[in-house]
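Worksheet: one structure, shown below.
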Amino acid sequence: MRKDDENLIWKETGRSFDKDYRIFKTYLIDRQMKDGRKGQFVMVDSPDWVNIIAEVKNEKGQECFIMVRQFRHGTGDISLEFPAGIVDPGEEPLHAAIRELKEETGYKAAKMTLIGTASPNCAFMNNTNYTYYAEGLEKVSGQDLDDNEAIDVMMVPVEEAEQGFGHGEMMNAICILSHYFYLRMKKNALNMDKKNKC
């Protein structure tokens, strides 16, 4: 925040627990502005999330994203996404990314790099999504899924995925955002490479 933001700030004057929905909790937050206006707002207290972008070559030598295909209860439909999951209480996001990649796909990465963070919806949610880029991938096991998970692992050519985001099964907004971080990383690497050649 900047020093001149006082006219925008709603100061918290109180909060009360509302409901526990198992995967998140809700709180009622009382806030007041400098001009005296008061209001009560709902806050979704959600765990942080991780998304993992992992690239491997398929049998044709094409660069592919390792993606997961599963049913999503919010839309009631199948979704094709990057491996992802919840950061457990007390867990570092990096460790969650390593764990989720292995659990969902059976792959282990030699290196994980944080390439972007974002607030999924800062209007009413308090969590952060972390996007990691996985390198040096090795298939080390089968899946280790939770009882309520059914996931197919897919090798999706990068060019095909980039045409698919925002259509059909590839409508997950956090996944699309993670892909933006991937494109930014690639662009920065290309610019650095050009600079080093000058």
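Here, each number is a calculation from the coordinates, and none is a lab measurement. For clarity, every value in this text was computed on a predicted model and none was experimentally measured. Quick reminder, even Gly has a Cβ in these numbers, built from the backbone with ideal geometry, and neighbours come from all protein chains shown.
Computed 3J(HN,Hα) for the range 40-57, one whole-Hz value per residue from the Karplus formula 6.51 cos²θ - 1.76 cosθ + 1.60 where θ = phi - 60°, is 10, 10, 8, 10, 8, 8, 10, x, 5, 10, 10, 10, 10, 9, 10, 10, 9, 8, glycine and proline marked x. Quick one: Kirkwood hydrodynamic radius for the range 3-45, alpha-carbon pairs, angstrom, one decimal? Computed over the range 3-45, the radius equals 11.4 Å. A straight chain from L145 to A110 at 0.36 nm per residue would run longer than the Cα-Cα distance by 10.4 nm. Loop-located chymotrypsin sites (Phe, Trp or Tyr not before Pro) in the range 110-143 (DSSP state other than H, G, I, E, B) with a sparse environment of at most 14 neighbouring Cβ atoms within 10 Å: F124. Remark: the Cα gyration tensor places the range 69-123 in the oblate category, a/c being 1.5 or greater and a/b not exceeding b/c.
In this rough spin-label picture, where each label sits 7 Å from Cα along the Cβ direction, the K195-D45 distance is 4.3 nm. Centre-to-centre separation between the Cα atoms of the range 144-191 and those of the range 1-70: 20 Å. Please find the FRET efficiency linking D30 to D77, where r is the Cβ-Cβ separation and R0 is fixed at 30 Å, and quote it to the nearest 0.05. The computed FRET efficiency comes out at 0.20. Computed over Cα pairs, the Kirkwood radius of the chain leads via Stokes-Einstein (0.890 mPa s, 25 °C) to a diffusion coefficient of 129 µm² per second.
Take the residue pairs K25/K139; K60/K186; K108/K186; K57/K194; K57/K186 and return only those whose Cα atoms are more than 27 Å apart.
Details: K25/K139 36 Å; K60/K186 22 Å; K108/K186 22 Å; K57/K194 25 Å; K57/K186 17 Å.
Beyond 27 Å: K25/K139.
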